[in-house]
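The values are calculated or read from the model by the stated rules, or taken from the named source; none is laboratory data. As the structure is a computational prediction, the values presented were derived from the model and not from experiment. Ideal geometry is used to build each Cβ from the backbone, glycine not excepted, and the neighbour counts take in all protein chains shown. Side chains are part of the model used for accessible areas, which takes the heavy atoms of the whole protein and leaves out ligands, DNA and RNA. Shrake-Rupley method; radii C 1.70, N 1.55, O 1.52, S 1.80 Å.
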Amino acid sequence: SAAITAHDHGLKAMVLERSGQVGGVTALSQGQVWIAGNHLARELGIEDSSDSGFRYLQRLSMGYGEDRAIANFTVHAREALKYFVDNAGLKMNVIRGCPDYYYGLTNDSVSEGRLLEVEPFKGPTLGEEWQPKTRLSPQVPYGLTTQDIADAGGLAAMIHWDFELLGRRITEDERCAGSGLAAYFVKAALDRGIALETGVSAEQLIADGTRVVGVRAIKD
């Protein structure tokens, strides 16, 4: 996301990855994104605001959080989401019926609208080189969305999951969850001609006295 943003603002960007695959921890995760007052929820008629999200996180931090950091996140996360949806091909949906993790703890928690997930991503669109070099999760059933799982009764109702759909998506490499989320950003970077290098270890940041201007790296 940083490389895409830098590129779109006229800078030259490069992604250096130490391992043999890109995608990082995001690709291993369930891939749920929490954004208060986002435009996808608004389009569904769900009322929410970044102010409410700020108060919710402020309450959860129990005085240990930094208000400026919380405000920065709740205000700008929704703008970042819309930017990547409009400009980078990111496709996300509200997970219907999925409440805040601490729903009911405060009046600023909501029953749905803040937790989002990607639509299935077609792995072959990454191309022959980057399809296998974009990480998949061995822990998460990335062939199903959270919505698919919830509609089938949830994690504890695995017997009711649509295993035919799961098998088809895995066979055709349609990626959901964090594996899909990471793949959307890899595809957006590739479409922009941003260089991605794997097997590279960053050794030292190079600064000009006021800001970082480069990095010294070693190719394994």
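Name the residue, out of ALA182, ALA157, that is under 21 Å from THR5 (Cα atoms) and open to solvent by less than 20 Å² (accessible area, probe 1.4 Å).
Just one listed residue meets the conditions, ALA182.
Go through (1) closer than 27 Å to ARG135 by Cα; (2) surrounded by fewer than 19 Cβ atoms within 10 Å (Cβ to Cβ); (3) at pLDDT 95 or above and name the single condition SER49 misses.
(1)
Kindly provide the set of residues from the range 142-161 that are of a type in the set (Val, Ile, Thr) and not in a helix (DSSP H, G or I), ordered by number.
THR145
Filtering the range 76-105 down to residues that are assigned to a helix (DSSP H, G or I) and of a type in the set (D, E, K, R), which residue is nearest to GLY53 (Cα to Cα)?
ARG78
Within the range 94-124, track down each residue that is charged (D, E, K, R), closer than 15 Å to GLN32 by Cβ and surrounded by fewer than 19 Cβ atoms within 10 Å (Cβ to Cβ).
Listed by number, the residues that qualify are ARG96, GLU112, GLU119.
Can you name the residue in the range 6-19 that is touching a residue at least 60 places away in the same chain (Cβ under 8 Å) and open to solvent by 50 Å² or more (accessible area, probe 1.4 Å) and is also farthest from VAL215 (Cα to Cα) among such residues?
Going through the qualifying residues, I end up with ASP8.
Could you grab me the full set of residues in the range 20-32 that are open to solvent by 40 Å² or more (accessible area, probe 1.4 Å) and outside any loop (DSSP other than H, G, I, E, B)?
VAL25, THR26, LEU28
Can you tell me which condition ALA156 does not meet? The list is (1) at pLDDT below 95; (2) closer than 13 Å to PHE121 by Cβ, and all the others hold.
So the condition that ALA156 fails would be (2).
Residue check, ALA202 against (1) under 20 Å from ARG96 (Cβ atoms); (2) open to solvent by 40 Å² or more (accessible area, probe 1.4 Å), all met but one. Which one?
Against the list (1) under 20 Å from ARG96 (Cβ atoms); (2) open to solvent by 40 Å² or more (accessible area, probe 1.4 Å), ALA202 comes up short only on (1).
Mind checking which residues of the range 1-40 are under 29 Å from GLY143 (Cβ atoms) and acidic (Asp, Glu)?
Passing the criteria: only GLU17.
Being in contact (Cβ under 8 Å) with a residue 60 or more places away in the chain, among the acidic types (Asp, Glu) and out of contact with any Cys (no Cβ under 7 Å at 6 or more places or on another chain) narrows it down to one of ASP86, ASP48, so name that one.
One residue alone meets the criteria, ASP48.
Considering only residues that are at pLDDT 95 or above and either open to solvent by less than 60 Å² (accessible area, probe 1.4 Å) or assigned to a helix (DSSP H, G or I) (or both), which ones fall in the range 62-74?
ASP67, ARG68, ALA69, ILE70, ALA71, ASN72, PHE73, THR74
Here is a list of conditions, (1) modelled with pLDDT under 95; (2) of a type outside the set (Asp, Glu); (3) in a loop (DSSP other than H, G, I, E, B), and SER137 meets all of them except one; can you say which number that is?
Failed condition: (1).
Among the residues of the range 182-209, how many are among the hydroxyl-bearing types (Ser, Thr, Tyr) and over 12 Å from GLY89 (Cα atoms)?
2
Please identify the pairs in which a residue from the range 201-214 that is at negative phi has its Cβ atom under 8 Å from the Cβ atom of a residue that is among the polar types (S, T, N, Q), counting only partners at least 6 apart or on another chain.
If the second residue must be among the polar types (S, T, N, Q), no pairs are left.
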